[in-house]
1. Along Cα→Cβ, 7 Å out, is where each label goes; now give me the distance between the ones at LYS206 and MET1 in nm to one decimal.
2. In region 60-116, carbon and sulfur make up what percent of the accessible area (probe 1.4 Å)?
3. Please give the Cα centre distance for region 83-151 versus region 157-184, rounded to the nearest Å.
4. Need the list of aspartates and glutamates near LYS114 for cross-linking: C-alpha distance under 12 angstrom, and skip anything on the same chain fewer than eight residues off.
5. Go through ILE90, LEU111, PRO165 and say which Cα lies farthest out towards the positive end of the charge dipole of the chain; charges sit on Cβ, +1 for Lys and Arg, -1 for Asp and Glu.
6. Whole-Hz ³J(HN,Hα) for each residue in region 66-81, computed from phi via Karplus 6.51 cos²θ - 1.76 cosθ + 1.60 with θ = phi - 60°, x for glycine and proline: what do you get?
7. With bins 10 Å wide starting at 0, give me the P(r) of region 123-201 over every alpha carbon pair, in whole percents.
8. Would you mind getting the Kirkwood hydrodynamic radius of the chain from its Cα pairs, rounded to one decimal in Å?
Amino acid sequence: MRFVLLGPPGAGKGTHARIMSEKWKVPQLATGDILRRHIREQTDLGKRAKAILDRGELAPDTLVNELMKDQLAKPEAKNGFILDGYPRTIGQAESLEAFLKSRNEKLDVALYFKTSPEVIVDRLSGRRSCPKCGANYHVRNIRPKVEGKCDVCNADLVQRSDDRPETVQHRLEVYEKDTAPLLNYYRKSGLLKEIPGDLNVPELQKELSNVLAGK
Ligand code: ADP
């Protein structure tokens, strides 16, 4: 199964991508997580990307397209993948389409997590992330087993620098301008399926199972 997840920051793409990745036995390819790993490891790419992410802007298409082609070409992604945070512009969607076509592959579905603005702001301001493995929690809705610690690797949870209110606002503007046009792009190709992103995690998983039944 080849999925693309669409929706604004805070829609729950990462949380559900992790669950679906286990269920469908396909890798979750999360562009933001990959970029943050480069930043942590201070690679050349990470040094270029840091200021861009901190400002809440998008990394250039050329950089992200190359990065994601490498991921998609890995043997683990041969039989399917969940793209979380890619594509985020029409240019990226076209690059992805051309890449898949060159391999005789195609997407099965683009899942749009339709989420209301109040929910997004609440989720992002309460989000806490593991700096080591990237797992996400929420101060009220998705609490870790031990306060302030990651369930997976026991690292101290942090607030991502781009989850500060000033940056969140800018990310939402960037989403509207650059990423929202993708909804029409995938609607036209018949791949778009809408999911109510305001639902809590178990409710939304149930909804996903219904939407994906028979896929
Ligand atoms: P969220 O979905 O909550 O915004 P992500 O982890 O997906 O978080 O993305 C964090 C940041 O990483 C984005 O604000 C952007 O700077 C960068 N980024 C992620 N995916 C892309 C992409 N496909 N193209 C360009 N930049 C990206």
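1. Once both label points are built, they end up 1.8 nm from each other.
2. 49
3. With region 83-151 and region 157-184 each reduced to a Cα centre, they are spaced 12 Å.
4. GLU194, ASP198
5. LEU111
6. 5, 4, 6, 4, 4, 5, 5, 7, 5, x, 4, 9, 4, 9, x, 6
7. Histogramming region 123-201 at 10 Å steps yields 17, 33, 32, 17, 2 percent.
8. 17.7 Å is the Kirkwood radius here.
The values are calculated or read from the model by the stated rules, or taken from the named source; none is laboratory data. Source: prediction; values computed, not measured. A quick note on method: Cβ atoms are made from the backbone with ideal geometry, for glycine too, and the neighbour counts reach across all protein chains shown. Side chains included, ligands, DNA and RNA excluded: accessible areas come from the protein's heavy atoms. Shrake-Rupley method; radii C 1.70, N 1.55, O 1.52, S 1.80 Å.
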